[in-house]
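Enquirer: Please find one structure pasted underneath; my questions will follow.
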Ligand SMILES: [Zn+2]
């Protein structure tokens, strides 16, 4: 017995030495509340509402193009839900945007030389046809401004095939990326020096969606030449530059749209920037800004059907096409909105833990994986916490952002209104009370890691939070090194890190986000994996609970310098 006790004492001394040497480098983690964790798990796995949320968000109200009537109706539904769950202060916060827009009708067919139904959808902020029109296609790929002169006077009343045919390749890899093992996830984290990976890791905010597809969307099964991805600033028009949100691409779109309009084009067609077999990736066509030119109707159609039209025309066979396109511009209220709701804190209600994701979507599918999942998970996480009624010192606030797809607008407006203007870094009193924002915008995949947002102390704290839930396969903490966020981009956590607040993202399994669903007409409810979004909801609730109940707020990243004095 004595010997045993001696051994124990020695072990305690050794452990103490180990802890103190660890503390010298980084703060120790938290002692976590395992009883509450068990309750969160029960609520998340046995009484889950997350797929019910997703059903309403995607199947009843989707798609939710920013500031459209669908988007607004989804927001009304979300607010009603939040109130039923007992959330307080449920409201919309508005910010200036422009027109809303949504599809009302899409009919497209080839009538001759044989009938074929055409699969597709209108590009966002392009008009309808004002009833059915019968038109002939003309192949007029626009690569550069010089092409304007070449086609001048030849496009009037035509269906313009405005891009080269899509290069379609054999699928030699599975669409869905296999889930990595826990060891592989950890090895990746270590290989990156704990800096994380993917587009999120470039920023301290660690938006960090998709583990699978670093560098952004679309592990393309299209355009192996990379031709579809022009560099910013080059004048080369492709289905990608047509679709991508950015000021430079908007300027390109405006030039081409003005030309097409002036030439009297009846309808313009794109094969989308990725996808085949009926899956079409496309987004922007016009602009939400009332000052930008309104193009003729522009439709994205299935790549094989687009290529068929090009081949027919090239063989001297001119098909007859019918289009009947209806859209709805929402012009009455040009202020878009974020949806906000809260569980007030018990003892430190002015200190705030936030969680959320963007609620707006593109129009081809129903916005299920982008970002019905992140919105549904955040709603489910606050439902779990509201249902458990565990006292939490800090306020837990959920935010469903608008305008992410057009440029991370909703969250950027929010942080500047509530916390600090980025130009001057003039802070409001709320700035010092915002503890952390947790973001989910990585599709359906399971949470496998979390970014520490640029702080080694936070990394140690997060390690202690994931330790008891490693059986859920969230194993890695990355992003322990600080890297400033230059501008909001990629996803909403960057709006927070941009002004020196903790904007935290989770790394998720990539699944088929890049190959099938992200900004495509296959972004639908059935592509969402139920077990994965239940896991994400449990983890978000657990993270929010820990942040809202720990003694201190999480450590801060450095406050950025003002851009203008
Ligand atoms: Zn998204």
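Enquirer: Taking 0.36 nm per intervening residue step and subtracting the Cα-Cα distance, what contour gain separates residue 350 from residue 393 on full extension? Numbers along the way, then the final one.
Expert: Details: separation 43, 0.36 × 43 = 15.48 nm, distance 0.95 nm.
Going from the current span to full extension adds 14.5 nm.
Enquirer: So how do 380, 332, 136 line up by other beta-carbon neighbours within 10 Å, fewest first?
Expert: On the way: 380 27, 332 8, 136 14.
Listed from fewest to most nearby Cβ atoms, that is 332, 136, 380.
Enquirer: Taking 0.36 nm per intervening residue step and subtracting the Cα-Cα distance, what contour gain separates residue 94 from residue 335 on full extension?
Expert: Working: separation 241, 0.36 × 241 = 86.76 nm, distance 0.58 nm.
Full extension from residue 94 to residue 335 adds 86.2 nm.
Enquirer: What shape does segment 457-565 take by its C-alpha gyration tensor, where a ≥ b ≥ c are the square roots of the eigenvalues and a/c under 1.5 counts as rounded, a/b above b/c as prolate, and the rest as oblate? Don't skip to the answer; put the middle values down first.
Expert: Details: a/c = 2.43, a/b = 1.24, b/c = 1.95.
It is oblate, given that a/c is not under 1.5 and a/b is not larger than b/c.
Enquirer: A follow-up question, please. If contacts are Cα pairs under 8 angstrom and at least 6 residues apart, what is the relative contact order of segment 271-382 in percent?
Expert: Numbers: 77 pairs, mean separation 22.4, N = 112.
It comes to 20 percent, rounded to a whole number.
Enquirer: Using 0.36 nm per residue, how much length does the chain from residue 84 to residue 236 gain when fully extended, once their Cα-Cα distance is taken away? Mind showing how you got there, number by number?
Expert: Values: separation 152, 0.36 × 152 = 54.72 nm, distance 5.10 nm.
Result for the pair: 49.6 nm of gain on full extension.
Enquirer: Enter the per residue convex hull volume of the chain, computed from alpha-carbon coordinates, in Å³ rounded to the nearest integer.
Expert: That works out to 161 Å³ per residue.
Enquirer: To make sure I understand, if each residue's beta carbon is the centre and we count other beta carbons within 10 Å, what order do 315, 91, 418 fall in, fewest to most? Don't skip to the answer; put the middle values down first.
Expert: On the way: 315 8, 91 13, 418 17.
Final ranking by Cβ density, sparse to dense: 315, 91, 418.
Enquirer: With the contact rule set at Cα under 8 Å and sequence spacing of 6 or more, what percent relative contact order holds for the chain? Write down the numbers at each step before the final one.
Expert: On the way: 1372 pairs, mean separation 137.5, N = 565.
Value for the chain: 24 percent.
Enquirer: Treat the count of other C-beta atoms within 10 Å as a stand-in for reagent exposure and order 360, 30, 370 from fewest to most.
Expert: Values: 360 32, 30 19, 370 28.
Fewest-to-most Cβ neighbours within 10 Å comes out as 30, 370, 360.
Enquirer: Could you check the spin-label model distance between residue 77 and residue 34? Points 7 Å from the Cα along Cα→Cβ, value in nm.
Expert: Placing both labels 7 Å beyond Cα along the Cβ direction yields 4.1 nm.
Enquirer: Taking the simple approach of a point 7 Å from Cα along Cα-to-Cβ for both residue 144 and residue 470, what is their distance in nm?
Expert: So the label points at residue 144 and residue 470 sit 5.8 nm apart.
Enquirer: Once you put a point 7 Å from the Cα of residue 130 and another 7 Å from the Cα of residue 486, both along the Cβ direction, what distance in nm separates them?
Expert: Each label point is offset 7 Å from its Cα along the Cβ direction, giving 4.5 nm.
Read-outs: derived from the displayed coordinates by stated rules, not from any lab. Because the structure is predicted, anything quoted here is derived from the model rather than measured. Cβ: placed from backbone, ideal geometry, glycine included. Neighbour counts: every protein chain shown.
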